[in-house]
Each structure stands twice: as C-alpha cells, then as structure tokens.
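Below is one structure, written out as structure tokens; the observations come after it.
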Amino acid sequence: MLITIAWRNVWRNWGRSLVVIGSIVIGIWALIFMLGFMNGFTISYVNGSIRNEVSHIQVHHPDFREDYDIEFNITDGVARTKEILKLPEVKAAAPRSIVNGMLSSPRKAGGARIMGIIPELEKEVTRHDSLLAEGVYFTGDQRNPVILGIDLAEDLRTEVGSKIILTFQNENHDLVAGAFRVTGLLNTTSPIINKSRAYVRMEDLNRILGTDDDVHEIAVYLNDPEQVPVVMDELQPRFDGMDIESWRSISPDLELFLSMTDSFLWILVGIIMVALVFGIINTMLMAVLERYRELGMLMAVGMNRIRVFLMIVIETLFLSLVGGPIGVLAGFLTMHWLGIQGIDLSAYSEGLREFGYSSILYPYVADKTYLIASSGVIITAILGALYPAYKAIRLNPIEALHTV
Amino acid sequence: METTEEQKTVIRTTDISKTYHESKIPVQALKDVDLEIRHGEFIAIVGPSGSGKTTLLNIIGGLDNPTTGSIIIDGTDISKLKESQMIDFRLHNIGFVFQQYNLIPVLTARENVEFIMLLQKKHKNEMESRAMSLLEEVGLTDKANVRPSELSGGQQQRVAVIRALASRPKFILADEPTANLDSTSAANLLDMMARMNREEGMTFVFSTHDQRVIDKARRVVTLEDGKIISDEVRS
Ligand SMILES: Nc1ncnc2c1ncn2[C@@H]1O[C@H](COP(=O)(O)OP(=O)(O)OP(=O)(O)O)[C@@H](O)[C@H]1O
Ligand SMILES: [Mg+2]
C-alpha cells in the first residue's frame, strides 16, 4: 500500500514529475553520450597508436630503449621473427633495424630515426602501405628507396622522387652515409612518425651498417589484444635476456590516457548527480510542503515516522526508476547507432589529426557505464529524498492539520 | 451492549491544564479539566470559539501534551508515552475524524477505509470485507472505487468516520466534523455516527458549534475559558 500510495503520488502532479523524470533521462543520456564520445576518442587514439606505431608487443635488447646504440641488437632477428609468426595468436610480426641519423636534402638537413624494415612483414604490422599520402610502398625496383614521414619531408623541403643522403654511425662508430631516393610520404595519426621517421629496406640499411641479420626491434601484432600477456609469456623463454614489453609499458601515455577516461567517467557522474540531486530535493520538498496537511493527518492517525519517511523515499525512487531505464535505453540506442554509423569529424579532422586522431569517431561505452549511470541515479534519488523526507517526519501533526 | 461494558471508563482526565507560551502573554487554554468518559458514550464538547475544545480533544487524542495533569486511556497513562510509542498507541486505540483533509487523495474510498487497518497489519481478507460492509452500511457501496475528489464533503466525512470505525479503536474523536458541511449533510453525518454508536457500540467524542448537532448528543460537556462549566447527560 505504501508503494501504491507512493506510485500514485508520483502521478499526482504529473507535470512536475515529468520534469524530474525528463531531467533524469537527459542526465543519464548526456552522461552516456559524453562518455561514449570521450571513449571513442581514446579508443581511436589508442588503437591508432597500436595499429600504426606501437603494435601489441615489442622485443628489444634490454639496453636498447635507454640508449639507442647499434650494438644493442637481437641476433638472428629475422629468422626468429619468422618463428614468432608461427604462433597462432600472432597476426603479424616484423623485425626492424634501427639507427638514429641525419637526413640531408640539397636544401636542408635534419635528424630522424631510420627504420630498416622488411616491407612485406612490416606492412602487415603497421599497415603503412595504406597510409601513404604520396608515392608507393617499396614496390618499385629503384635502388635505396626511403619513405619519409610527411612532416619530415616538409621539414627537409624534399618530395617524392628527390634524393636525400642518410648519415649515421656504423658498428664501429664510424660515420657512414648512403644516397636514397624518396619514394613515398607517410601520413599516419602518429605525430612522431610523421615528424621524425624514415623507413628504408633492412637489406639496404644493414649493408651500409655492415650487419646482416641483426635487428633492434621485433614488433608483434596479435589477433586479439587480450592475448598480450599469454603471448608475452610464450616469448619470454625464446628471447632469454631480451626485453619483452607490451604496448602499455612501451607507451605509458596510452595507459594514462585510458585511465584518464575512467576518471572522467566519475567526474561526469559526480557533476550530473549533483545537478540532479538539487532538482530532486527541490521537487520533493515542494511535494512535501504541498501535502503538509495530508502528512499531518497520516501521522495523527498513526502512520509512524519510518513509514512516512519510506513513502517519500519510495516516491522519489519511482521517479528515478521511471527516468532511469528510459535514459539508459536512449543512451544505449544512441551508442549502438553511433557505434555503427560513426561520427564524421572530417570537417574538423585537420586539427584532430595533429593530435593523432582519425576523422571518423566511433563512440563506445563499456557495459559497466550503463550500470554506473543507473545506480548513480538511484543513489542520487535516495540522497535527494533524504532531506524532504526528513522535513516530512519533523512536522507536528497538530500544526500541520491547522495550516489552512 | 452489556451493562458492564457500558460502565467501563475509557478516558479519564485528571486536572489537566494547558498553557500556551507562544506569545508574550501565556494563554491558558485548559484549566483543571476533570473528565471521565465511559464506553459507548456519545458526547459533544461544546463551547464558544477559543474555549479550548480543540485543545482538549488533541490532548485526549495524544496529539498534544497537557502542561499538567494526566490522561488515562483504558488503563494507560498516555502522558508517559514517548513520541514514537504515542503514534503507535494512536494507531491501535484512537480513531480520528478531522474537520477536513481526512482522506488520502490518491486512494479510493475503499482503500481509504482499509488504510488504518493496513497500518495495523490486519489481514487482507478481513480488511476488504470490513471495508465493504461498512461502506454498504453508510450507503457508499457504489462509491467504493472512487477517489475522494469525486465525493461530496458529506460523503468524504462518512468515509472518514467508517475508516476510523474500521480500525476498531477504543473511541473516535472528531473535532468539528460537520464544520465544513451544509446543515443537511451535517445532520446526516451525525445520524450515521449515532447509528454506529448504537450498532457498533463505538464511543464518540466530538466537538461542535452547531445546535442541531448538539441536540443529537447524549451527553454534552460545555467548556468556557478552558473550564468545564456544565456536563449534562440526556435521556
Ligand atoms: N498553538 C497555540 N498557540 C497559542 N495559543 C493557542 C494555540 N492553540 C490554541 N491556542 C489558544 O488556546 C485557546 C483555546 O483554543 P482552542 O483551539 O482549543 O479553542 P476551540 O474551542 O477549539 O475554538 P474554536 O471553536 O474556534 O475551534 C484559544 O485562546 C487559542 O487562541
Ligand atoms: Mg477548535
């Protein structure tokens, strides 16, 4: 009966109830939408970084990441990469020979990291063949081809077809150089690649370096990102003494970025809860004051404080139980639809690309978000009900009944 | 009703006084009121405005405390009860009919009648049959599923009376139950209360200004300036 009364009370002033229900719906929907948008950004950034730059797992000589010296290599790297490729979890793996060097065009010179790659393997890992702004991906039979990050090429004031000289130290710390022809420009979502990477064939680089099958890095891309720990465990014994790192430790910024989105969830939940709580307090206080005499009568005839309190709380809860599911459903449908459609941000994507985002955003929220949003609203409703309910039980029946 | 029941004291007030200190000059609303009400009585508390009728009924009903004196209801000294115990005591022992706003607007007439029984945790079947038979007795069967807003003032008060009755209290207090009714409805309500008094043996204590209502009482207690100035029993 308490529940019946509470439920009917909700619809007593249905206009006012609808305003509260409406704000709950909008609150939840906005929460889900904003998070979905945020997540979409984060995920596109993180996935983009993994896909085109970091990959899931990298193998290095333990000293290599601290001090990029040519001698910190993985012996027999190419052969061992082929072994890795046999693992069922692995989708692609690519060895890289790496030096830091100087690139000079006839007009300008600048530093860059030179990656000696095996194009057939590399393109499966980083898909750089699909990210060329100009030129071709190591298909011509030109000698010494080099592909530059698009911004690097601009810095060097060079273009596809031009020659540049690559200078770097060999194993004996002697300066060596080679002439390369620019055959393509890479435009990725990674500012690092765009500004400071040059890709050459490993055979060309190692010939100049005087090494042959030694590499500095093996990048591994998996079918399923969840498999990272499993594959790392499998690689450990094969690469005894080498560092095997996941994308999380290679790019702690990605991890940070993901955890920031998580904190953002709680901040948003907090803001929306605070806004709702005031709306609910206000509405329920009005409802209580409006029914002052009735509540006085109820207490006079023997309805105890606990019941009066519960009645107000249940009534408030009903508001959120009506609004909550509608908001969650609206949010869910919006996410579902946008998750398929994506939001085309190409109008703004020039700016976004600078920061490493791709131009179509696919909003996404984890299932727990719906749960958090719903329970957040229910908690808010209860919190918002406390003060009005307290007001209600403090009233003096005689005074309330005499209020005209 | 058996004579033993008839003589049993339901309410006894001893020297109750009530002084309000809300304004600068204290107002003494009741002065040494001694009143004994026995089971089955049908009593009107009368007196000019401000004579203390409401104050007395509130104190008897445990809604207010006297400044001094004691009220014993069926053996319980209610001035010794704590606030929460008092609410519970009211629920199980006292029926109330107010001047207005008696009913819960979102409940139907039948649900309103069942309401106090529900708070008393009576069985559903018992509640329903009692509510329906009482509604029938007061000629409101066809209004059972109608909300108070669709009832006339007189019908609402009748529902309020049978709601009080349904919960089987020791007595029913009604502070000016007819004040908002036209004289015909007022007379009807009083007739109905008198009938319930006879048929159910329910004790009624009500206050009124209305001479036609006073005429229906079997005992009339007159207050003036917070004092009982006359207490007459009629035949
Ligand atoms: N809460 C209060 N604070 C101060 N004085 C009060 C209060 N309630 C009643 N009084 C005073 O006590 C006296 C008795 O009031 P009471 O309401 O009992 O009279 P009444 O006989 O019921 O009058 P009426 O016929 O107008 O209802 C009056 O002088 C009134 O002003
Ligand atoms: Mg009065």
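Only the coordinates and a few stated rules stand behind these numbers; no lab work does. For clarity, every value in this text was computed on a predicted model and none was experimentally measured. Backbone-built Cβ (ideal geometry, glycine too); neighbour counts: all protein chains shown.
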(message) Under the rule a/c < 1.5 gives rounded, and otherwise a/b versus b/c splits prolate from oblate, where does the range A:1-55 land using the Cα gyration tensor?
(response) prolate
(message) Which one, B:ASN188, B:SER133, B:GLN85, is farthest towards the positive end of the dipole of the range B:5-233 when Lys and Arg carry +1 and Asp and Glu -1 on their Cβ?
(response) B:GLN85
(request) Could you tell me what % of all Cα pairs in the range B:5-233 have separations over 21 Å? (result) 55 percent
(request) Give the order of A:LEU317, A:LEU329, B:LEU118 when sorted by the count of other beta carbons within 10 angstrom, beginning with the fewest. (result) A:LEU329, B:LEU118, A:LEU317
(message) Given an 8 Å cut-off on Cα distances and at least 6 residues of separation, report the relative contact order of chain B as a percent.
(response) 28 percent
(request) Specify whether the C-alpha gyration tensor of the range A:66-162 places it in the rounded, prolate or oblate class, a ≥ b ≥ c being the square roots of the eigenvalues: rounded for a/c under 1.5, otherwise prolate if a/b is larger than b/c and oblate if not. (result) oblate
(request) List the equivalent ellipsoid semi-axes of chain A in whole Å, largest first, each obtained as the square root of 5λ for an eigenvalue λ of the Cα gyration tensor. (result) 65, 21, 16
(request) Would you mind telling me the antiparallel percentage of the DSSP bridges in the range B:5-233, rounded to 5? (result) 55 percent
(request) Using a 10 Å Cβ count of at most 16 others and DSSP loop calls, identify the longest part of chain A lacking such trypsin sites (Lys or Arg not before Pro). (result) A:158-404
(request) Rounded to whole Hz and in sequence order, give me ³J(HN,Hα) for the range A:133-148 from the Karplus expression 6.51 cos²θ - 1.76 cosθ + 1.60, θ = phi - 60°, writing x for Gly and Pro. (result) 7, 7, x, 10, 9, 6, 9, x, 9, 4, 7, 6, x, 9, 10, 10
(message) Please report the spacing between the Cα centers of the range A:179-230 and the range A:98-155 in Å, no decimals.
(response) 9 Å
(request) Take each complete run of DSSP H in chain A, measure how far its Cα atoms stretch along the helix's own axis, and keep only those covering 24 Å or more with mean Kyte-Doolittle hydropathy at least -1.0; list them. (result) A:14-49, A:252-290, A:305-341, A:367-394
(request) Work out the charge dipole of the range B:5-233 with +1 on the Cβ of Lys and Arg and -1 on the Cβ of Asp and Glu about the Cα centre, then indicate which of B:SER230, B:ILE116, B:SER149 is farthest towards its positive end. (result) B:ILE116
(message) Which entries of B:LYS24/B:LYS82; B:LYS31/B:LYS170; B:LYS8/B:LYS170; A:LYS91/A:LYS123 have Cα-Cα distances beyond 18 Å here?
(response) B:LYS24/B:LYS82; B:LYS31/B:LYS170
(message) I'd like the distance between the alpha-carbon centres of the range B:32-105 and the range A:278-317, rounded to an integer number of Å.
(response) 24 Å
(request) Mind running the shape call on the range A:203-359? Use the C-alpha gyration tensor, a ≥ b ≥ c as the square roots of the eigenvalues: rounded below 1.5 for a/c, prolate if a/b tops b/c, oblate otherwise. (result) prolate
(request) Name the residues whose placed amide hydrogens come within less than 5 Å of the amide hydrogen of A:ILE118, ignoring near sequence neighbours (fewer than 5 apart) on the same chain. (result) A:MET202
(request) Place a +1 charge on the Cβ of each Lys and Arg in the protein assembly as shown and a -1 charge on the Cβ of each Asp and Glu, then give the dipole magnitude about the Cα centre in debye, rounded to the nearest 20. (result) 2660 debye
(request) Just need the relative contact order of chain A here, percent rounded to a whole number, with Cα pairs under 8 Å and 6+ apart. (result) 27 percent
